[in-house]
Structure formats: C-alpha cells, structure tokens
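Enquirer: Before we start, here is the structure in question, set down as structure tokens.
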Amino acid sequence: MLKIENLHARVEGKDILKGLTLTVNPGEVHAIMGPNGAGKSTLGNVLSGRDGYEVTAGSVTFNGIDLLALEPEERAAAGVFLAFQYPVEIPGVNNTYFLRAALNAQRKQRGEKELDSMQFLKLVREKLKIMQISDELLHRAVNEGFSGGEKKRNEIFQMAVLEPKLAILDETDSGLDIDALKQVAQGVNALRTTERGFLVITHYQRLLEYIEPDFVHVLAGGRIVESGDKTLALKLEEHGYAWVADKDPALSGASA
Amino acid sequence: MSEAQRTPFVESLLEAAAQAQLPGSGIGWLDAARRENLDAFVAAGLPDTRVEAWKYTALRALGQRRFAPGDAQATTRAVDAAAITLPGVDGPALVFVNGVFRADLSRVDALPAGLSLQPLSQALQGDAEPLRFALSRHYREGGDAFARLNAALSGDGVVLRVAPHATVAQTVHLVFVGAAAEGDLAWHMRHIVELGEGAELSLVEHHVASGEQQHLGTQVTDIALRKGARLRWVTLQDASAGSTLVRHDSMQLDEDAQAASHVLELGGALVRHDLHATLAGDRSRLETRGVFVLNGRQHVDTQMAIRHQALGTASDSVWRGVADQRSRGVFRGAIVVAQGADGSDASLSSKNLLLSGQAEIDTKPELEIYADEVKAAHGATVGQLDERSLFYLRSRGIPLAEARAMLTAAFCRAVFASLDNDALREHLDHQLMAHLPSA
C-alpha cells in the first residue's frame, strides 16, 4: 500500500531523512521509534505534504500513485490521515461543521456523493459510540480550549469519521497521562482492520503496550537502522537508543 | 479661490448647484446655509492626503471626474423588490433611489405609536423650524469637504423621531438604492434621527445596488439619543462595485443612553465612513461592531472617533478587516476620554487579515485619556492566515481555497454575535460568506 524508497528530505537547508526505505501493507501496524532529531516527525510531515519539507531524492507511492506529487487535500482524499502531534486550535470553526466539510470534500474529490446533514449526524453518532467520546466536543470550535487528551482523542475521532486507508500517528502519546493514553489506544485499536495500515511514530515504548505493532523500526540519523517485531521495542526500552548506535557505529553522531 | 482648485469635480457640482431646485429653497436660513457651505466647499475643494483625516485616501482621481446633478428618472426606475427586503426587517421602510424618495417602494402607512418617519423633502414642506439647528451646521475642518457638499446640495433624506418612552417593536428599514442611469450621478442625503427620553428603536441602514453604476453618494446623519434612550443600528453597505459612497455620522448620547452599531461594509469602489460619537451624558454606553471585506481594487476607509465626556461612560468597539487582491482598507479608531469623564471604560480592537501580497490595510488606534480611574484597552493587528491552521484543514481533505474561506469567515463571524436579530444576523453572515474568496 505505502512504499517509501530511499527517501531523502531536507528542512531549512538541513538534510533530515537520508535514504529511508519502508513498506506498509494493508492491515499492518508499523511502529517507528527513534531518538529526538532522528527525523520521526519529518517523516509524518513529508508524507502528509506540509510546506517547507523538500524531498531531494527517493520516492513514495501510495497504492501505485506518486504521493509526493499530490496536494495535502488530495493525499487526504486518497486515504492518508495524519494524527498531529500538536493538533491546531481553530477558533470560530465549529468541530462538526469542520468534520462534515472535510468528509464531503474528500468524497467530492473521490467522485462520491456528499452526505447531507442527517446522514452525517448518523455517522457521527456511530463513531462517537465506538470512540467513547462525549458529543459535547462536537459543539465546540475545533480543538479550542481542549485539554491535551481531548485534542488527541479528537484526532482519533476524526480518523474514525474519515476512515483513511493509512493512518499516521505522529507522537500521539506525547503529553498524555496513562488514562488518556489508554483511551487513545483503545480508539486506535477499534479502528484496526485488515485493510487499514498504521504508521505509529513514537519516542517511547509505552504506547506500544497498548497498540501492539506488527513491526518495529528504529529510525536514527534519517534512516531505518534496525527492524524487527514488537520485541525490538522492548529491547530498546531496556538498552536505550545508544544501543542501536553502538550496533552500527557508522550511524552514531550527526554526520551522514 | 484659485483656479487650480476648480477641478472637473468641483465644476460639475457647481453646475449642479446652479441648476438644482432643492426642496426647501426659499426658506431664508436654509438658502443661506446651503450657499455658505457651497462657498466653503468650492474654496477648499477636496482635501489631499496632507490632511490627516485623509492621509490614506487619495481623492485625486475623484477630483478629475464629473457627475450629473441628479436623476430625472429616479421616480420611475424599476427596482427589484427582493433586493430591498431583508430577513428580520419588516417594519416601516423608506426607500430612496439615486437620492430621490420613492413613495411607491416605501412602507409608511400605519406607523407604530410614537414613531414619526418621513422624507426630508416632505418635512421641509411643513414647519421647517425644528430642522433649523441640524441643517444650519457649518463644517469648519479641512477634511469636511463632503459634509459641506452635502449641506449645500442635499434636499432629501430621512427625518425620524421616536417620542419619549415609546418603544418601536418593529425594525425600521432605510434603503438607499444606487440605480444604473445614463451617466454618473451625484446624490446627497441628509438624515436626522432623534430618540426621545427612554425611547427604543431598531434601525437598519441598507445601501444596495440596482445595476452597475459609478455614482457618487454622500450622506450626513445626525443621531441624538436623549436620556435613557436605546438604539440598535445595523448598517449593511452593499453598494455597486463601481460606486463612491461617503457617509458622515454624528451621534450624541445623553445620560444613560445606549447605542449598538453593527456595520458590514461589502460594496463600493471608494467608500469613506466617518462615525463620530459623543458620550455626553453620565453612564451612556456605545458598542460598535464592524467588518469590511474587500477585493478587486476596493478602497474602504473607516474613521471612528469616540469622545467620552461624562462620568462612567463606556465604549466597546470590535472591528475586523479582510483585504484580498489589490484592495485597501483603512481603519482609524480614535478614542478620547475627556477631563471629567472619570470611571469610564473604553476598549477597541481592530484585527485585520491580508489575503494577498498586494492588498494593504492601515489601522491606527488612538487613545487619549485626560480623566481619572479610566479602564482602557486597545489593540490593532494586521496579519495573514495562520499557515498551521490552513495545513490542518487541508490535511483533512479540505481544498486550499475552501480552507482559506473557512478561516477567513471564522475570523469575521464572531463580530456580529452580539446582534440580537437572529434572521438579520444570519443574513449578514451569509452576505459575508458570499463576499469572501470563494471555495
């Protein structure tokens, strides 16, 4: 489904990704772990099309199409969803209105019929139940005045409504206490299907106790330096990221 | 007067004055006031940008234009009835087309108790003495060219009075239609509004186009609120895209009087709005809310001046501006808390959004305080749409243009939240959305 090959990317003139290769198939959950500055967030931003990230080499295809050639909204319509590390507050834009506009914009781009407000409300009610979220959030402006946990749950709720093919979770665990983390993980697990792929980007192993990955990759110095199953995360937790660098001294330090 | 000041603009208006058969001519004091104001206008001409009040609005191009004195066919021009109705506004209505009163389009039968409403042209046919004070005004400031012109050439307008302690339940609708004519016209309207002690009124001032034209409209409005009177005043300015519209409003609030003014500026090529309010009585309060949404080469200049003159007075102003393409917005909010106006409260917020690199907005809040125990806050910003918010919306599938429209609407919309006429507020919202860069 997602095929990243030899991806090189630059931010503000600085090379961050330096030859990243990764394949995600439908139904798979891939965890990307790595120390600060390894390029984790850059990966999420490049995949979702944020401005300011220059791809200098390599390719990303999504179900056979060149993902990097698409505008952010086109990527969303194609089925890519990014759960933000820092969801943005948008005063004056109602959460429900925003979500319906987003869903219908995607449907329109895909040539599907837009949902009227009754159909949309029905869908939202179903998803609220799955996510165990109170509908009070819906009546507020997008993320405005939300707690850290509410913001992250709102991200997962959006994911539930938009039903992407590939979900990228960018450090969704950051800033969450254990209860909020469990709630978010529960939401994500409820959305796991045999068709949907997940890319779970995280610094800590903690999140992976609740969202069990099929594969774990260690990102360091802009490349994947180690891949394995979920036990790799435990090893990392035990030995720290220095252990990865020790295994391959050429990759320690910042130089490419 | 020097010949250099006799621009085509001044020439054409002088010709208009010579030809005009203005209502009320023959009334000695009125003839004299018109003549003196005309002389003052011709002597000084239009102000240039060295005059502080016109610093950001150049009138050189206007000075080269000529305007026909009036529309002989104004009383018979067809006007779409739908264009001059507004949701939530179903009270008495006075309609003017190209500055001429249209009895056939107006609704003045069965006026509610306590409301007196008639066109100035009719009021001048009766006892003109009650109008003498207002119509004898002289405008002495260098920037008052349009007020002088208006005083010299206006023959019609609105005379509205609410009797003491009367509450007018229905919203009064004043409609000013600029209708396409054979050439460019100039029209001038003079309005006088007075709410007696404890009176209440909701008023909608509505500028609307019937066909494309490039007329010049000037308007001078005096509003007096006696002790404890309450006015809710909404202005929807949706004049023709090519037109020039100059409005000069003066408001005085006596003891315990309250006024709320909501202004939505959408139309016009060159628009100037002066809103001067004096909080003359203790505890009087003024709320102003305004939004301008500009595109093309529109130029809209709002000059608000609020003077706190009495104890415990309050003013609260929130203005938002959006400029796209090559448009230009100007906002000046000058608040003076005069000596003796102790315990007053003045706040002013002017936030503005540039949607294009070629658009420009100049905003200037000014606050002068000469009293004690005054609470005052003011702030002004000019910025662009937040990139992070834009990306967030796009990452959810909302196309760039729609995302921009959504954020821009959100920026403006809160301004009218305090408007208590739901149907009208929704209409303003809708008009606002329709003028924003489309999705």
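FYI, it's all coordinate maths here, none of it is from the lab. It should be emphasised that the depicted structure is a prediction, and the values quoted were computed from it without experimental measurement. Positions of Cβ are generated from backbone atoms using ideal geometry, with glycine treated the same way; all protein chains shown enter the neighbour counts.
Enquirer: Viscosity 1.306 mPa s, temperature 10 °C: what is the translational diffusion coefficient of the range B:310-389 from Stokes-Einstein with a Kirkwood Rh over Cα pairs, rounded to a whole number of µm²/s?
Expert: For these conditions, the coefficient is 115 µm²/s.
Enquirer: Shifting gears a bit: Does anything in the range B:156-198 have its amide N under 16 Å from the 7 Å Cα→Cβ label point of B:Asp39, and if so which residues?
Expert: Of the residues in the range B:156-198, none has backbone N under 16 Å from the label point off B:Asp39.
Enquirer: Continuing with this model, one more query. Summarise the partner chain shielding of A:78-89 as one whole number: the mean count of Cβ atoms from other chains within 10 Å of each residue's Cβ.
Expert: The shielding value for this peptide is 3.
Enquirer: When we measure straight from the Cα of A:Lys235, which aspartates and glutamates land under 12 angstrom away, once same-chain ones fewer than 8 places off are left out?
Expert: List returned: A:Glu226.
Enquirer: Additional query: Loop sites only, by DSSP: take the trypsin sites (Lys or Arg not before Pro) in chain A that have at most 12 other C-beta atoms within 10 Å and name the longest stretch containing none of them.
Expert: A:114-256
Enquirer: On to the next question. For A:Glu89, B:Glu373, A:Glu71, what's the fewest-to-most ordering of other Cβ within 10 Å of each Cβ?
Expert: B:Glu373, A:Glu71, A:Glu89
Enquirer: Can I ask one more? Would you mind ranking A:His203, B:His273 so that the residue whose beta carbon has the fewest other beta carbons within 10 Å leads the list?
Expert: In increasing order of surrounding Cβ atoms, one gets A:His203, B:His273.
Enquirer: Additional query: Over the whole of B:383-393, what's the average partner chain Cβ count within 10 Å per residue? Rounded to a whole number, please.
Expert: Mean shielding count: 5.
Enquirer: Here's another thing I want to ask about it. Relative to a virtual label point 7 Å from the Cα of A:Lys108 in the Cα→beta-carbon direction, which members of the range B:403-439 show backbone nitrogen distances below 12 Å?
Expert: The answer is B:403-406, B:438-439.
Enquirer: If you put +1 on each Lys and Arg Cβ and -1 on each Asp and Glu Cβ, how big is the dipole of the range B:171-304 around its Cα centre, in Debye rounded to 20?
Expert: About 180 debye.
Enquirer: Follow-up question, since we're still on this one. Can you give the FRET efficiency to the nearest 0.05 for A:Glu12 and B:Ala417, using r as the Cβ-Cβ distance and R₀ = 35 Å?
Expert: According to the calculation, E is roughly 0.30.
Enquirer: Under the definition of partner shielding as Cβ atoms of other protein chains within 10 Å of a residue Cβ, what is the mean value for peptide B:397-406?
Expert: Other-chain Cβ atoms within 10 Å of each residue's Cβ, averaged: 6.
Enquirer: Quick check: from the Cα gyration tensor, does the range B:248-348 come out rounded (a/c under 1.5), prolate or oblate?
Expert: prolate
Enquirer: Next question. Could you check the simple spin-label distance between B:His378 and B:Thr76, using points 7 Å along Cα→Cβ, in nm with one decimal?
Expert: Spacing of the two 7 Å Cα→Cβ label points: 5.2 nm.
Enquirer: Next question. If exposed trypsin sites (Lys or Arg not before Pro) are those in a DSSP loop with at most 12 other Cβ within 10 Å, what is the longest stretch of chain B that has none?
Expert: The reported range is B:141-439.
Enquirer: Another question, if that's okay. Tilt of helix A:178-190 relative to the longest C-alpha principal axis of chain A, in degrees (0 to 90, nearest 10)?
Expert: Here the helix axis deviates by roughly 80 degrees.
Enquirer: Separate question: Hand me the tally of lysine pairs in the range A:71-155: alpha carbons under 19 angstrom apart, and the pair either on different chains or 8 or more positions apart.
Expert: Lysine pairs meeting both conditions in the range A:71-155 amount to 5.
Enquirer: Return the FRET efficiency for the residue pair B:Arg297, A:Glu54: r is the Cβ-Cβ distance, R0 is 35 Å, and the value is rounded to the nearest 0.05.
Expert: 0.45
Enquirer: Considering chain B as a Gaussian network with a 10 Å cut-off on Cα pairs, which listed residue, B:Glu287, B:Glu426, B:Glu265, attains the greatest mean-square fluctuation?
Expert: Between B:Glu287, B:Glu426, B:Glu265, it is B:Glu426 that shows the largest mean-square fluctuation.
Enquirer: Which residue fluctuates most in the GNM of chain A (Cα springs below 10 Å): A:Ile65, A:Ile168, A:Ile211?
Expert: Of A:Ile65, A:Ile168, A:Ile211, the Gaussian network model singles out A:Ile65 as fluctuating most.
Enquirer: Using a simple spin-label model with points 7 Å from Cα along the Cα→Cβ vector, what separation in nm is obtained for A:Thr231 and B:Gln325?
Expert: About 6.8 nm, to one decimal.
Enquirer: Relative to the longest principal Cα axis of chain A, at what angle does helix A:148-162 sit, 0 to 90 degrees, rounded to 10?
Expert: 70 degrees
Enquirer: Past the 24 Å Cα-Cα mark, which pairs from A:Lys14/A:Lys230; B:Lys55/B:Lys351; A:Lys3/A:Lys182; A:Lys18/A:Lys165; A:Lys3/A:Lys40?
Expert: The answer is A:Lys14/A:Lys230; A:Lys3/A:Lys182; A:Lys18/A:Lys165.
Enquirer: Now, a different point. Of the candidates A:Ala141, A:Ala242, A:Ala76, which one comes out as most mobile in a Gaussian network treatment of chain A with C-alpha springs shorter than 10 Å?
Expert: Largest GNM mean-square fluctuation: A:Ala242.
Enquirer: Take each uninterrupted DSSP H stretch in chain B, measure its Cα extent along the helix axis, and return the ones at 15 Å or beyond whose mean Kyte-Doolittle hydropathy is at least -1.0.
Expert: B:8-19, B:28-44, B:400-413, B:422-435
Enquirer: Can you tell me how the range B:55-145 classifies by the Cα gyration tensor, rounded, prolate or oblate, using a/c under 1.5 as the rounded cut?
Expert: Oblate shape, in that a/c is at least 1.5 and b/c is the bigger or equal ratio.
Enquirer: Could you give the length gained by full extension between A:Tyr86 and A:Glu238, i.e. 0.36 nm per residue of separation minus their alpha carbon distance, to one decimal place?
Expert: Net length gain for the segment: 51.9 nm.
Enquirer: Give the span of chain B's Cα atoms along each principal axis, as three whole-Å numbers ordered largest to smallest.
Expert: Projected onto its principal axes, the Cα set of chain B covers 69, 48, 47 Å.
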